[in-house]
Each structure stands twice: as C-alpha cells, then as structure tokens.
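All remarks here apply to the structure that follows.
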Amino acid sequence: MQFCNRKPKWYLRLLRKNPFLKIPCADHTKFTKDGCVVLEPYNRGKGEFRDLISFCDKNGLNFLVSGESIHYPGHTFRIKIFEKDYISHG
C-alpha cells in the first residue's frame, strides 16, 4: 500500500458538500495512491462502527478492517475506506 498526500476524488466531493466532514473512527488518517482513505485508530466500540457503517452506506462507500497498521503497530488497527466499486489488489 502506497500512501500519498493527495486526497481521493470521492473524499474531496464529500468535503465540498460538508467542509466540516468527520469520518467516524478517524484517527491517524492517511490517503493511498489508489483512492482510499486509511484510518489507524487505537480502539473503537460497536457504536463507532455503527456510525462508520451508516456513513459508508449514506455515501456509497465500503470499508475493510485489518490488524496491520504502521502507526504504533500492535496498538492500532487499520480501516481502509473506499468507493463501493473499488477492487483491492492486496
């Protein structure tokens, strides 16, 4: 996974609609070259995941959760958010 400073197009569209956009579960946010937003929070509960699911459903997005993270490995986990038609290559 290659990180970059460029925000994905879908993320910019959401920011134009709402300049104060807050993605549920967000912490240590990064962007990838293939158009994903990556969050690496320490811990999150059921309510926060419900909020993330609702956010993704409302905005035509999907997400994956992984135990792999680069921000303080072993203490954070990774949430990769992407458009529903995105195909992961690893």
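Quick notes
- Couplings for the stretch 3-9, taken from phi via the Karplus curve 6.51 cos²θ - 1.76 cosθ + 1.60 with θ = phi - 60°, read 8, 8, 8, 7, 6, x, 4 Hz in order; Gly and Pro are left as x.
- With the largest listed first and rounded to whole Å, the semi-axes of the equivalent ellipsoid of the stretch 3-83 from the Cα gyration tensor are 19, 16, 10.
- When only Cα pairs below 8 angstrom with a gap of at least 6 residues are kept, the chain shows a relative contact order of 27 percent.
- Highest-fluctuation residue, N18, N43, N59 considered, GNM on the chain with Cα pairs under 10 Å: N18
- Within the stretch 3-83: Cβ-based charge dipole about Cα centre, in debye rounded to nearest 20 (Lys, Arg +1; Asp, Glu -1): 380
- Partners for K9 among lysines (Cα-Cα distance below 22 Å; same-chain residues under 8 apart left out): K17, K22, K30, K33, K58, K80, K84
- In sequence order, the stretch 71-87 has phi-based couplings of 8, 6, x, x, 10, 10, 10, 10, 10, 10, 9, 8, 5, 4, 8, 5, 10 Hz under the Karplus curve 6.51 cos²θ - 1.76 cosθ + 1.60, θ = phi - 60°, and Gly or Pro positions carry x.
- Backbone phi angles across the stretch 38-48, fed through the Karplus curve with coefficients 6.51, -1.76 and 1.60 (θ = phi - 60°), yield HN-Hα couplings of 10, 10, 9, x, 6, 7, 8, x, 4, x, 5 Hz in residue order; Gly and Pro are listed as x.
No lab work stands behind these numbers, since they all come straight from the coordinates. It should be emphasised that the depicted structure is a prediction, and the values quoted were computed from it without experimental measurement. A quick note on method: Cβ atoms are made from the backbone with ideal geometry, for glycine too, and the neighbour counts reach across all protein chains shown.
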